[in-house]
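Student: My structure is below; once you've seen it, I'll send some questions.
The values are calculated or read from the model by the stated rules, or taken from the named source; none is laboratory data. Everything numeric in this text was worked out from a predicted model, so none of it was measured. Here the Cβ positions follow ideal geometry from the backbone for every residue, glycine too, while neighbour counts run over all protein chains shown.
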Amino acid sequence: MSEIPLLAVHDLVKHFPLGGGLLSRPRAWVRAVDGVSFDVKRGESFGLVGESGCGKTTLGRLILRLIDPSGGRIEFDGRDFSRLNRAEMRSLRQRMQIIFQDPYSSLDPRMKVYATVTEPLRANQRISKAKRREAAAELLERVGLQAVDLDKYPHEFSGGQRQRIGIARALCVRPDLIVADEPVSALDVSIQAQVINLMEHLREDFELSYIFISHDLSVVEHICDRIAVMYLGAIFELAPTESFSVAPRHPYTRALLMAVPQPDPHRRVKPLSMEGDVPNPIDPPSGCTFHPRCQHAFDRCRAQRPPLVQVTSNHYVACCLNEGRGVEGGIE
Amino acid sequence: MMGKLLEIDNLSVQFHSPEGVARAVDGVSFDLTRGETLGLVGESGCGKTVTSLSILGLVPSPPGQVISDGILFEGRNLLDLNPEALRQVRGQEISMIFQEPMTSLNPVLPIGRQVAEPLLAHKGLSKSEAYEEAAAWLERAKIPAARERLNNYPHQLSGGMRQRVMIAMAMVCRPKLLIADEPTTALDVTIQAQILSLMVGLKEELGMALLLITHDLGVVAQMASRVVVMYAGEVVEEAGVMDVFDRPFHPYTQGLLKSMPRLVTRVRGRAHRLNEIMGTVPALTEMIQGCKFADRCPHVFQLCRKAHPGLFAIGDGQRARCWLRDYPQRRKVDV
């Protein structure tokens, strides 16, 4: 039964056209997601990290089918998305919800909290108004707000409270999977901690799986069981959080970890030298897309793109070093 | 008072709004020595940005109203200067870089022109000299092929490159003080690391002081020598960087540090739960009789709600705005 992962993504591709129109061809293609495969188990919290433009948000939207992929396959609960008809898709959608980054723009300012929270219910199920209200009140209490908040408008709440409303809305249809796209990035540290703790609680109470998208490694490490690092549309490393932070294998992951300023003035680390910007995804470098910034780069890196290979039982890396095993040993 | 570069004495900034008077900054005092890096930390709305804007006379008035016993820069009170004299200080002796490099650069002027501008305005260089100097500074800010980029517009550059342009622009006149307001918040971590090390390098080279305003305690730990923590418009703690992280005194500072998720090598299983600071920041329009943090403080007792605590000396160079200094037995152990 539990053999089938909740979500399985196979070789997913999304290319966006640049320019072009009704009659002309696109000038170029942006390879936002370029051959990504992974799966998410039931009850698991799966982290997607990477810098801006690495394709993590596009990947999240592809999974929710908010946009259509250019290639590849997504299976939810063993069922292939592309083979479902509209009605089936609709019922499957209820089992996946999203939490957005910006708590200010993701709530309709003219809708009362009650209407916002129950909107997914109205769209999907035939339930009486009274029942919906009851459900909304219960949900608000579960996320740390009160039933009296039902008739308020978003502007009456702080950023952290708004994010709680967004979470209640996502929980409303009792989903199995929540894609959380930078859910705490817009919040202050003390409020961020409140929301992270709430999300951890809810995961246990509602038996949820999370796909947690973030640029913040400390947050992802805190909340996730497994982490995938993305760069220019591809996964570079995928590992359980423990082995990820103890012995990351990809030079990019290592540089990323070293670049996070640590709140410890006794350990002032000189960041690992990684020059340059993320390359343009319209015209990515040959071979391994990281090679122009990689201090270990050698001939093979420029020539061939390394596949994501299994190094230990659950640690995967896409790197040419050490016959595809990446860098060995821990980091400082 | 040898070596004091900047002294801010009892600064308050109020904004008049329909909801009442918002005290964005409420009696803030601190100073900066030459060549030092001071971290000004706090969450959104704590008044850290408004404090920095009032140093340069950039608070829009009306609606803003700056009241202070003095903002002394090298002994001169900046509040007494006329607009022209203040303009000479700005950009020449004190420079500022902002969080969002896209909105603080002029989108319709080439970057070379923008970097050369302070030189034309303050140093009286000729146009060709100024452009030459600008190119040299862009190179020092590690912009690749800087000379070819003089005619580029901001939209042609990435976020990190734009912030490098901002830094070059702030540095051209070799200021004595650089105010950096969340300089890396909009950037990715790897780019942040590049920008921070660039700032450290240039700071040492020029021997200037840095007022680093940020919400990121990691950045402060890595950069600052002294830290001022602000909450709801007030300074709540001030100390050397080691003391702030090793023995923070104020419950707010302690709460902030404990609520940060840290990159730690996790041994099996779940990480510890993050500490939360319950509740939210009070509205700036609220009149609070006692301590402004009382409603969120785990150690709160009667006095805290009745009387407003002063910024008490705790130890060597450490000060905290908290009654626990006089009533240490009130500190609860299990929080």
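Student: Applying the selection to region A:297-324, what residues are surrounded by 15 or more Cβ atoms within 10 Å (Cβ to Cβ), in a loop (DSSP other than H, G, I, E, B) and out of contact with any Phe, Trp or Tyr (no Cβ under 6 Å at 6 or more places or on another chain)?
Tutor: If the condition is that a residue be surrounded by 15 or more Cβ atoms within 10 Å (Cβ to Cβ), in a loop (DSSP other than H, G, I, E, B) and out of contact with any Phe, Trp or Tyr (no Cβ under 6 Å at 6 or more places or on another chain), then A:297, A:305, A:306, A:319, A:320 are the ones that fit.
Student: Let me ask another. State yes or no: is residue A:208 closer than 16 Å to residue A:289 by Cβ and either more than 9 Å from every other protein chain (Cβ to nearest Cβ) or of a type in the set (Asp, Glu) (or both)?
Tutor: no
Student: Let me ask something else about it. Answer yes or no as to whether residue A:222 is within 12 Å of chain B (Cβ to nearest Cβ), free of Cβ contacts under 8 Å to residues at least 60 places away in the same chain and buried (at least 23 other Cβ atoms within 10 Å of the Cβ).
Tutor: yes
Student: Find the helices (runs of 4 or more DSSP H) located wholly in region B:158-262 whose residues include 2 or more that are in contact with a helix residue (DSSP H, G or I) (Cβ under 9 Å, 6 or more places away or on another chain) and either of a type in the set (Lys, Arg) or more than 9 Å from every other protein chain (Cβ to nearest Cβ) (or both), and list them.
Tutor: Answer list for region B:158-262: B:159-171, B:189-206, B:251-258.
Student: Give just the number: which of (1) outside any loop (DSSP other than H, G, I, E, B); (2) at pLDDT below 90 does residue A:52 not satisfy?
Tutor: So the condition that residue A:52 fails would be (1).
Student: A further question on this structure: Residues in region B:312-320: is at least one in a loop (DSSP other than H, G, I, E, B), crowded, with 18+ Cβ neighbours inside 10 Å, modelled with pLDDT under 95 and not β-branched (Val, Ile, Thr)?
Tutor: no
Student: Determine the pairs where a residue that is under 12 Å from residue A:38 (Cα atoms), located within region A:302-314, has a partner that is part of a loop (DSSP other than H, G, I, E, B) with Cβ atoms under 7 Å apart, the partner being 6 or more residues away or on another chain.
Tutor: Listed by first residue and then by second, the contacts come to A:308/A:318.
Student: Do any residues in region B:202-218 that are farther than 25 Å from residue B:29 by Cβ have Cβ atoms under 8 Å from those of residues that are β-branched (Val, Ile, Thr), where the two are at least six apart or on different chains, and which pairs are they?
Tutor: Here the result reads B:202/B:167; B:218/A:260, each pair linking region B:202-218 to a residue that is β-branched (Val, Ile, Thr).
Student: A further question on this structure: Got at least one residue in region A:230-248 being modelled with pLDDT under 90, in contact with a helix residue (DSSP H, G or I) (Cβ under 9 Å, 6 or more places away or on another chain), under 18 Å from residue B:259 (Cβ atoms) and part of a helix (DSSP H, G or I)?
Tutor: No, region A:230-248 has no match at all.
Student: Kindly check whether there is at least one residue in region A:119-135 that is in contact (Cβ under 8 Å) with a residue 12 or more places away in the chain, under 22 Å from residue A:213 (Cβ atoms) and either of a type in the set (S, T, N, Q) or within 14 Å of another protein chain (Cβ to nearest Cβ) (or both).
Tutor: No, that holds for no residue.
Student: When you check residue A:184 against the structure, is it in a loop (DSSP other than H, G, I, E, B), surrounded by 14 or more Cβ atoms within 10 Å (Cβ to Cβ) and among the aliphatic types (A, V, I, L, M), yes or no?
Tutor: Yes, satisfied.
Student: How about region B:65-100: which of its residues are surrounded by fewer than 18 Cβ atoms within 10 Å (Cβ to Cβ) and aromatic (Phe, Trp, Tyr)?
Tutor: Scanning region B:65-100 gives no hits.
Student: Something else: Could you list all residues from region A:273-306 that are modelled with pLDDT under 85, out of contact with any Lys or Arg (no Cβ under 8 Å at 6 or more places or on another chain) and small (Gly, Ala, Ser)?
Tutor: A:273
Student: Which condition from (1) under 30 Å from residue A:52 (Cβ atoms); (2) crowded, with 18+ Cβ neighbours inside 10 Å is the one that residue B:131 breaks?
Tutor: Checking residue B:131 against (1) under 30 Å from residue A:52 (Cβ atoms); (2) crowded, with 18+ Cβ neighbours inside 10 Å, the one that fails is (1).
Student: A further question on this structure: Looking only at region A:265-296, count every residue that is of a type in the set (Ser, Thr, Tyr) and either buried (at least 20 other Cβ atoms within 10 Å of the Cβ) or within 17 Å of residue A:235 (Cα to Cα) (or both) and tell me the total.
Tutor: Final tally of qualifying residues: 2.
Student: Residues that are of a type in the set (Gly, Ala, Ser) and surrounded by fewer than 15 Cβ atoms within 10 Å (Cβ to Cβ): does region A:75-84 have at least one? Even if it seems obvious, please write down each step before you answer.
Tutor: Let us first name the residues in region A:75-84 that are of a type in the set (Gly, Ala, Ser), namely A:78, A:82.
Right, trim to surrounded by fewer than 15 Cβ atoms within 10 Å (Cβ to Cβ) and you get A:78, A:82.
Yes, because at least one residue in region A:75-84 is of a type in the set (Gly, Ala, Ser) and surrounded by fewer than 15 Cβ atoms within 10 Å (Cβ to Cβ).
Student: Within region B:99-150, track down each residue that is of a type in the set (Ser, Thr, Tyr), without any contact (Cβ under 8 Å) to a residue 60 or more places away in the chain and within 25 Å of residue B:53 (Cβ to Cβ).
Tutor: Hit for region B:99-150 is B:103, nothing else.
Student: Residue A:202: part of a helix (DSSP H, G or I), touching a residue at least 40 places away in the same chain (Cβ under 8 Å) and either aromatic (Phe, Trp, Tyr) or farther than 15 Å from residue A:118 by Cα (or both), yes or no?
Tutor: Details: part of a helix (DSSP H, G or I): yes; touching a residue at least 40 places away in the same chain (Cβ under 8 Å): yes; either aromatic (Phe, Trp, Tyr) or farther than 15 Å from residue A:118 by Cα (or both): yes.
Considered against the rule, which asks whether it is part of a helix (DSSP H, G or I), touching a residue at least 40 places away in the same chain (Cβ under 8 Å) and either aromatic (Phe, Trp, Tyr) or farther than 15 Å from residue A:118 by Cα (or both), residue A:202 comes out as yes.
Student: Does region A:178-188 contain any residue that is free of Cβ contacts under 8 Å to residues at least 40 places away in the same chain, more than 24 Å from residue B:197 (Cα to Cα) and within 8 Å of chain B (Cβ to nearest Cβ)?
Tutor: Yes, there is a match, as at least one residue in region A:178-188 is free of Cβ contacts under 8 Å to residues at least 40 places away in the same chain, more than 24 Å from residue B:197 (Cα to Cα) and within 8 Å of chain B (Cβ to nearest Cβ).
Student: When you check residue A:110 against the structure, is it over 30 Å from residue A:39 (Cα atoms) and not β-branched (Val, Ile, Thr), yes or no?
Tutor: Yes; evaluated as a whole, the condition is true for this residue.
Student: Turning to a different aspect of this structure: If you check every pair at least six apart or on different chains, which have Cβ atoms under 6 Å apart with a residue in region A:235-264 that is within 7 Å of chain B (Cβ to nearest Cβ) and in contact (Cβ under 8 Å) with a residue 40 or more places away in the chain first and a residue that is polar (S, T, N, Q) and surrounded by fewer than 24 Cβ atoms within 10 Å (Cβ to Cβ) second?
Tutor: A:246/B:265
Student: What strands (runs of 3 or more DSSP E), lying completely within region B:1-105, carry at least 2 residues that are at positive phi and out of contact with any Phe, Trp or Tyr (no Cβ under 7 Å at 6 or more places or on another chain)?
Tutor: Once the strands (runs of 3 or more DSSP E) in region B:1-105 are filtered for at least 2 residues that are at positive phi and out of contact with any Phe, Trp or Tyr (no Cβ under 7 Å at 6 or more places or on another chain), what remains is B:20-33.
Student: When you check residue B:60 against the structure, is it closer than 24 Å to residue B:213 by Cβ, surrounded by fewer than 16 Cβ atoms within 10 Å (Cβ to Cβ) and out of contact with any strand residue (DSSP E or B) (no Cβ under 6 Å at 6 or more places or on another chain), yes or no?
Tutor: Judged against the criteria, residue B:60 is a match.
Student: Could you please find all residues in region B:281-298 being crowded, with 18+ Cβ neighbours inside 10 Å, part of a loop (DSSP other than H, G, I, E, B) and not aliphatic (A, V, I, L, M)?
Tutor: B:282, B:291, B:292, B:293, B:297
Student: If I ask for residues that are within 27 Å of residue A:127 (Cα to Cα) and either without any contact (Cβ under 8 Å) to a residue 40 or more places away in the chain or more than 16 Å from the chain's Cα centre (by Cα) (or both), which ones from region A:205-219 would you list?
Tutor: A:205, A:206, A:207
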